[in-house]
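Comments concern the structure below.
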Amino acid sequence: MAELRHRGATDKELQHQNSEDKGSETEGKERDGASDNETKSDSGVPVPADDTPVVLNKALSGLSSRWKNWWVRGILTLAMISFFFIIIYLGPMVLMMIVLCVQIKCFHEIITIGYSVYHSYHLPWFRTLSWYFLLCVNYFFYGETVTDYFFTLVQREEPLRILSKYHRFISFALYLTGFCMFVLSLVKKHYRLQFYMFGWTHVTLLIVVTQSHLIIHNLFEGMIWFIVPISCVICNDIMAYMFGFFFGRTPLIKLSPKKTWEGFIGGFFSTVVFGILLSYLMSGYRFFVCPVEFNNDSNSFTVYCEPSELFQLQNYGLPPVLQSITGWTTVKLYPFQIHSIALSAFASIMGPFGGFFASGFKRAFKIKDFANTIPGHGGIMDRFDCQYLMATFVNVYIASFIRGPNPSKVIQQLLALRPDQQLHIFNSLKAHLTEKGLLPALEEAA
């Protein structure tokens, strides 16, 4: 009997302890804002409906869903590639405007998901502040770009010179205004959610706006630095899909069940070959290889220059193995083609991780696509998830391995100095050249 009483007491203690643990877990959940009421909206995000054009639906009605999706994706991919060729023909300024429009659309898609998830809480000023911060960040980045690349134009116009001089202060003042508006909008019962969305907006700005700004920086280095990386990502998407569709058997990653090793490997080799061939075709045209600059004489933007050594044919010796196969000892290539191997390899190996990241994001919020802007493809962000990662790599690659001192920018900065500062630099440069023995040689030649 004593033993039974002891066991009964023990069971009561265990039950009491379990009830306390459950109570503490419930309190922890409430404290962390992870209760059912706050997480129920995860499943409240609507899945985009099928908005395939009626003409395509009728034409492909006899096909299975797998082949119907294949044809829809293929036709609209060709349409997007055709549009890409048109905007390339229209020139770099149009390309920059398209990049800005794409950036705004991608930002809108991500912010809309956040609003859909938390719309039932009626967070004050959320969408207004999100768009305001987008405006502030774009003002900062585009102002920096204009000051950096079009220094002569800025110095010539008085309003632009004033805006350029105080650009960072104005940008900070604009951001500070938005920051104060956010603090004033805080509501006691929504503190945590409001800070969630504040972080949501800023991470979106980091992913979308910052990286789209790098695309424009790449464009200023020459259209080839814009076209080849983007084309490599597009080629990898297409070829990986084709190889995976026809030969795919082995799953690649759980985040994207449709991705296969066959598609990944086939896309890699196809993209490397494509990058080498496209680079060879484009390196011979100044329109593609010359940086975008402002011409003071014509008051317009030009892409005319003497191509650098990077875009001049050079002889390269072949390895003995290739010599025995081809019978050639040397081959003529543009140095840029060698760099294109690095670009296309990154687009094939690391670029898809941008897509995997987007897949994880969509799974976290139980949505199929970011939007339904493009039938068969989803939203604009679904097409640019890899492009933004690629743009960052290209910008870092140019800064690390390609870009050197720019004499024209140095001269522009010297012309903005006071006369006494210019004279000091002139005397210092003259003394340096005399010490090196270059100045006398120049005078004798003159």
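Before moving on, here are some points about what is shown:
- Only residues that are crowded, with 16+ Cβ neighbours inside 10 Å, at pLDDT 90 or above and not hydroxyl-bearing (S, T, Y) were counted in segment 262-297, giving 16.
- Selection within segment 178-216 - closer than 24 Å to F336 by Cβ and in contact with an Asp or Glu (Cβ under 9 Å, 6 or more places away or on another chain): H213
- So Y196, is it in a helix (DSSP H, G or I), surrounded by fewer than 19 Cβ atoms within 10 Å (Cβ to Cβ), touching a Cys at 6+ places or on another chain (Cβ under 8 Å) and touching a residue at least 40 places away in the same chain (Cβ under 8 Å): no
- Some residue of segment 141-164 being within 30 Å of Q412 (Cβ to Cβ), among the β-branched types (V, I, T) and touching a strand residue (DSSP E or B) at 6+ places or on another chain (Cβ under 9 Å): yes
- Qualifying residue in segment 225-235 (condition: open to solvent by less than 30 Å² (accessible area, probe 1.4 Å), closer than 21 Å to F361 by Cβ and not aliphatic (A, V, I, L, M)): no
- Checked against (1) in contact (Cβ under 8 Å) with a residue 12 or more places away in the chain; (2) farther than 18 Å from C106 by Cα; (3) hydrophobic (A, V, I, L, M, F, W, C); (4) out of contact with any strand residue (DSSP E or B) (no Cβ under 9 Å at 6 or more places or on another chain), I367 passes all but condition (2).
- The set of residues from segment 69-83 being touching a Gly at 6+ places or on another chain (Cβ under 8 Å) and either of a type in the set (V, I, T) or outside any helix (DSSP H, G or I) (or both) comprises just one member, V72.
- Annotation note: of G91, G74, the sole residue that is modelled with pLDDT of 65 or more and on the phi > 0 side of the Ramachandran plot is G91.
- Flag if L134 is crowded, with 18+ Cβ neighbours inside 10 Å, touching a residue at least 40 places away in the same chain (Cβ under 8 Å), assigned to a loop (DSSP other than H, G, I, E, B) and touching a Leu at 6+ places or on another chain (Cβ under 9 Å): no
The values are calculated or read from the model by the stated rules, or taken from the named source; none is laboratory data. The model shown is predicted, which means the values in this text are computed figures rather than measured ones. Quick reminder, even Gly has a Cβ in these numbers, built from the backbone with ideal geometry, and neighbours come from all protein chains shown. When the accessible area is computed, the model is the full protein with side chains, heavy atoms only, and any ligands, DNA or RNA have been set aside. Shrake-Rupley method; radii C 1.70, N 1.55, O 1.52, S 1.80 Å.
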